[in-house]
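J.: This is the structure I have questions about; it appears just below.
The values are calculated or read from the model by the stated rules, or taken from the named source; none is laboratory data. Quick caveat, the model's predicted, so the values are computed rather than measured. So basically every Cβ, Gly included, is an ideal-geometry build from the backbone, and we count neighbours across all protein chains shown. Calculation scope for accessible area: heavy atoms of the full protein, side chains included, ligands and nucleic acids excluded. Shrake-Rupley method; radii C 1.70, N 1.55, O 1.52, S 1.80 Å.
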Amino acid sequence: MSKTVFGMLLGGVLGILDGLSALLSAPETAPGIGGIVLGSTFKGIIAGLLIGLIARKSHSLAVGIISGLAIGLALALPIAMMNAAGGHNYYWQIMLPGGVLGLIVGYATQRYGSPARPAARS
């Protein structure tokens, strides 16, 4: 499986877990858990796509981990800021799982994703 597809699949699965973690870290968000899980899944897929694209270009585990962390945090930051503007202080409950998701996807895409196959010549 290519690094990009692997990153998107892993990001989506971890995004579901990221969204469900809201039930543990902020139980008062339970009425909106469907939207939280859907948004976190989408965020995980986008993170996996970006991290997978970087993993295709760079074969360095360190680059994969650092870029994964940066992308995970960058995608979580607007959500945390939006909640803060709405009067909710869920900064760490949003940023921490987003960063962990990026770290895991960055590591896994470098370690377990397959490099892209060269194009067939005709």
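J.: What residue, among those in the stretch 1-23 that are closer than 14 Å to I94 by Cα and in contact with a Gly (Cβ under 8 Å, 6 or more places away or on another chain), is most open to solvent (accessible area, probe 1.4 Å)?
T.: I16
Matching residues to (1) more than 12 Å from the chain's Cα centre (by Cα); (2) farther than 21 Å from G52 by Cβ; (3) of a type outside the set (A, V, I, L, M):
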| position | (1), (2), (3) |
| --- | --- |
| S67 | no, no, yes |
| L73 | no, no, no |
| A76 | no, no, no |
| M81 | yes, yes, no |
| I94 | no, yes, no |
| P97 | no, no, yes |
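J.: Within the set of pairs 6 or more residues apart or between chains, which connect a residue that is in contact (Cβ under 8 Å) with a residue 24 or more places away in the chain inside the stretch 80-91 to a residue that is assigned to a loop (DSSP other than H, G, I, E, B) with Cβ atoms less than 8 Å apart?
T.: Going by the 8 Å Cβ cut-off, the qualifying pairs are Y90/A26.
J.: Can you find a residue that is assigned to a helix (DSSP H, G or I) and either within 13 Å of the chain's Cα centre (by Cα) or more than 27 Å from M1 (Cα to Cα) (or both) anywhere in the stretch 51-59?
T.: There is at least one residue in the stretch 51-59 that is assigned to a helix (DSSP H, G or I) and either within 13 Å of the chain's Cα centre (by Cα) or more than 27 Å from M1 (Cα to Cα) (or both).
J.: Which numbered condition in (1) modelled with pLDDT under 90; (2) more than 18 Å from T4 (Cβ to Cβ); (3) among the hydrophobic types (A, V, I, L, M, F, W, C); (4) open to solvent by 40 Å² or more (accessible area, probe 1.4 Å) is the only one that A26 fails?
T.: Every listed condition holds for A26 apart from (4).
J.: Residue by residue through the stretch 85-108, note down the ones that are at pLDDT below 95 and open to solvent by 70 Å² or more (accessible area, probe 1.4 Å).
T.: Those that are at pLDDT below 95 and open to solvent by 70 Å² or more (accessible area, probe 1.4 Å): A85, H88, N89, Y91, W92, L96.
J.: Mind checking which residues of the stretch 13-41 are in contact (Cβ under 8 Å) with a residue 12 or more places away in the chain and more than 19 Å from L96 (Cβ to Cβ)?
T.: L38 - this is the single residue of the stretch 13-41 that is in contact (Cβ under 8 Å) with a residue 12 or more places away in the chain and more than 19 Å from L96 (Cβ to Cβ).
J.: Among the residues of the stretch 65-76, is any under 26 Å from V5 (Cα atoms), part of a loop (DSSP other than H, G, I, E, B) and free of Cβ contacts under 8 Å to residues at least 60 places away in the same chain?
T.: Within the stretch 65-76 (the criterion being under 26 Å from V5 (Cα atoms), part of a loop (DSSP other than H, G, I, E, B) and free of Cβ contacts under 8 Å to residues at least 60 places away in the same chain), the answer is no, since none of the residues qualifies.
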